[in-house]
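*Asks:* Next up is a structure, given as structure tokens.
Every number here is computed from the coordinates shown, using simple stated rules; none is lab data. Owing to the predicted nature of the structure, the values given are computational and were not obtained by experimental measurement. All Cβ positions, glycine included, derive from the backbone under ideal geometry; neighbour counts span all protein chains shown.
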Amino acid sequence: MMKVGLYYNQSEKSQKVAEEFLNVCCHKEFERDDENPDVVITIGGDGTLLGAVHHYKSQLDHIRFAAIHTGHLGFYTDWRDFQAGELIESLKHDQGESVSYPLLDVTLEKADGTIENHIALNEATLRKVNGTLVCEVLINGELFENFRGDGVCVATPTGSTGVNKSLGGAIVHPRAEVMQMTEMASINNRVYRTLSSPMIFAPEEVLTLLPHSENGMVLSMDHLTYDANDIVKVHLHISTQRVSFVRYRHTHFWDRVENSFIGAREID
Ligand code: NAP
């Protein structure tokens, strides 16, 4: 029997959809197992899905996600709240259909020598909240530029429609296994100079950030934010791990982009 995990936010709508799934589990159609699920149903918005991916990060090699949205933007979510019944029917006839997307590997080196490995589905950002961030940017170990500004953002293809888009980055189809760096308000004058264009890196390339600031630095990975003052190096590259979703219905990536950012067109 399929083991289904439920991960939902506290909105009234989300709780109602979760109850629908709980009823099905009671009728022995699925087994509810939040610890060791085969499929995780997220109910909420993209923020809820990001939370679930981080919650289950050690099990990404065998878990598939299905995301239902209950009133948010829902870029990643394929089902609306009123389509929960349809998703339940598809789960009953599951044949392992899936689609997977690239993740970002984020390795942090700290001043005390400790190393931490993280993943991000959307992006990682390094910012300074008081004054400007000063950091060297290395590509494959070679110094590329000295950055001074608010911060830098490194996004995955599916994260390219998140904060990356607001920073003027390109939207990237997730079959292109690349990462993209965008700048946040870089200073460009006679003294400080950066490329100032979004950059897209090939799958095997590694970006390293060497921050020089001593306070006010913040590192974000998706919805999670950490104090980054003890970080001396951040290495970023496209991960060999991926995140998988059930694929009972497939929304073409560009349709997803159109639905989220352009909306219904009025034709004369
Ligand atoms: P939030 O500030 O509560 O929500 C940010 C918005 O971004 C929500 O509307 C969310 O959709 C949407 N979103 C998340 N991932 C997306 C994606 N891949 N493509 C398009 N839209 C996306 O933050 P949150 O819910 O914790 O989510 C964190 C993410 O928000 C970050 O990873 C970052 O990409 C994005 N963000 C964007 C900006 C910006 O554009 N200036 C600023 C901060 C964060 P839902 O409404 O469905 O949850």
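*Asks:* Show me the trypsin sites (Lys or Arg not before Pro) within segment 27-134 that DSSP assigns to loop and that have at most 15 other Cβ atoms within 10 Å of their Cβ.
*Replies:* The qualifying sites are Lys28.
*Asks:* What does the C-alpha gyration tensor say about the overall shape of the chain? Classify as rounded when a/c is under 1.5, otherwise prolate if a/b is larger than b/c, or oblate.
*Replies:* Prolate, because a/c is 1.5 or more and a/b exceeds b/c.
*Asks:* Which whole-Hz couplings ³J(HN,Hα) result when phi for each residue of segment 119-128 is put into the Karplus expression 6.51 cos²θ - 1.76 cosθ + 1.60, θ = phi - 60°, listed in order with x for Gly and Pro?
*Replies:* With coefficients 6.51, -1.76 and 1.60, one gets 10, 9, 8, 8, 5, 10, 10, 10, 9, 10 Hz.
*Asks:* While we're here: Residue by residue, what Karplus-based ³J(HN,Hα) values in Hz, rounded to whole numbers, does segment 14-22 have, using 6.51, -1.76 and 1.60 with θ = phi - 60° and x for Gly and Pro?
*Replies:* Values, residue by residue: 5, 5, 5, 5, 4, 4, 4, 5, 5 Hz.
*Asks:* Related question: Report ³J(HN,Hα) in whole Hz for each residue of segment 183-188, in order, from the Karplus equation J = 6.51 cos²θ - 1.76 cosθ + 1.60 where θ = phi - 60°; Gly and Pro get x.
*Replies:* For segment 183-188, the Karplus curve yields 9, 10, 6, 6, 8, 10 Hz.
*Asks:* Here's a follow-up. At 222 nm, what helix-only mean residue ellipticity would the chain give, in deg cm²/dmol to the nearest 500, using -39500 (n - 2.57) for each DSSP H run of four or more?
*Replies:* So the calculated ellipticity at 222 nm is -5000 deg cm²/dmol.
*Asks:* If you don't mind, there's one more thing I want to ask. Mind checking which of His55, His252, His235 has the largest fluctuation in a GNM of the chain, springs on alpha carbons under 10 Å?
*Replies:* Ranking His55, His252, His235 by mean-square fluctuation puts His252 first.
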